[in-house]
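Quick notes on the structure that follows.
Rule-based calculations on the coordinates, nothing more; no lab input. Here the structure is a predicted model, which is why all the values come from computation and not from measurement. Here the Cβ positions follow ideal geometry from the backbone for every residue, glycine too, while neighbour counts run over all protein chains shown.
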């Protein structure tokens, strides 16, 4: 089983969970129709598109509405801490949520009690919370962008907002940021660093970089980081070893972007439509 | 208010502090980041010279901000905030080494027709000719997808500042990127 948890920017959405269907750029779950324009919904949509290619079942998702006030996030943390044990997950991806150390730790402690630990992936707010809680190496894969890598490399920053200038200005020297993130135990075994060039890292060693096709416009498009995380999660669930999954997701994200012929004003749903095509081209 | 005043009064052992009070700074701690953002706006509107910073580790919960204020102005600040129904949980003294400074480094990328500005982990992209906000990306806090959904399509000149509707540090970082984009594109 493959699980995904995160928030949706709609205050009216209560905590819902189940297996969604993707239809007309919306996730359908219970009576809810959630647009896939950004965030966790975009991640789930890209995961579903990937799973379609490999003929695997859709993930089970845990969602709640939150526009930043934190109430929804709190209920999601609590629900996960109390209910994750009821399922047997092979892969679980945590995404947008208000970063809060105590609540995050409760979820981690509940995972520790599982008889078999899933392959754990974190991105966005949950990744921030895990790093601040000091549990980065309890996870298996983080998918930061360059700004977030600088944050992981800063042992003092509790949030990317506080990343110290000397690290932010050092973004061209990605290898030293990677080294520093591991030095302070703020990185899990695998890192997929998303940027102009994508970096696949295992325990500080750079396994591969991906920079083709280069589509500079993708950096401006909200959700291109979410789609790569959705794809890599689905590929690992589909049986790809993490290193190959990271490389394939990075390539497919670029190719789907290139196939969409984007401008910086393109919206992510346009690119998500090209994911199956990109994956099929790359896997022959 | 009495508790606040008691905390502010200099004790015998720190008589010397009294003379330095005019330059001393303290941090106001609030329940959540939304209150910090609201309080900052109110105080700045009223002419107080305050700035947002990260609280020291012992009071840090996660997505936190605090407001650095001059100690001598605390009574007035508390009174003003109370009239607006915002009350800090506490105030604390601090050393410069303990607090965290918000990001002040911006990355700007010119795509020809579009300009992208990044502050920390948040990016905003604007059509240079029409000044329409065409994309918002990055971030990991819950108000980011929300702010993106209501900002995209608006004109940079006429839109609301993100910190008015943001609740988190990512929302605040987006605000900084927005202000920088405005400075670069709307200054004439």
Give the order of B:175, A:87, A:26, A:159 when sorted by the count of other beta carbons within 10 angstrom, beginning with the fewest.
-> A:87, A:26, B:175, A:159
Expressed as a whole number, the average count of other chain Cβ atoms within 10 Å around the Cβ atoms of B:146-154 is 4
Go through B:24-34, B:76-86 and give me the packing order, highest mean Cβ count within 10 Å leading.
-> B:24-34, B:76-86
Helix-only [θ]222 nm of chain A, DSSP H runs n ≥ 4, -39500 (n - 2.57) each, per residue, nearest 500 = -12500 deg cm²/dmol
Given that compact globular proteins tend to follow 2.2 N^0.38 Å, what is the ratio of the alpha-carbon Rg of segment A:1-130 to that value?
-> 0.98
Averaged over the residues of A:96-104, the number of partner chain Cβ atoms within 10 Å of each residue's own Cβ comes to 5
Yeah, segment A:180-252 with a ≥ b ≥ c from its alpha-carbon gyration tensor (a/c under 1.5 is rounded, else prolate when a/b outruns b/c, oblate otherwise) is oblate
Neighbouring Cβ atoms within 10 Å as the yardstick, rank A:180, A:38, B:60 fewest first.
-> B:60, A:180, A:38
Taking 0.36 nm per intervening residue step and subtracting the Cα-Cα distance, what contour gain separates residue A:86 from residue A:28 on full extension?
-> 18.6 nm
Kirkwood Rh (inverse of mean 1/r, distinct Cα pairs), chain A, angstrom | 18.5
Please report Rg over Rh for segment A:89-149, where both radii come from the alpha carbon positions and Rh follows the Kirkwood definition.
-> 0.94
Compute the separation of the alpha-carbon centres of segment A:209-251 and segment A:51-105 and state it in Å as a whole number.
-> 21
Shape box of segment B:106-185 [Cα atoms, principal axes, largest first, Å] = 31, 23, 18
Take the alpha-carbon positions of segment A:226-284, form their convex hull, and give its projected area averaged over all directions (one quarter of the hull surface) in nm².
-> 3.7
For A:222-233, mean number of other protein chain Cβ atoms within 10 Å = 2
Roughly how many nanometres apart are two label points built 7 Å out from the Cα toward the Cβ at residue B:110 and residue B:49?
-> 3.5
Exposure-ranked with fewest Cβ neighbours within 10 Å first, B:41, A:164, B:118, A:254 stand as B:41, A:164, A:254, B:118
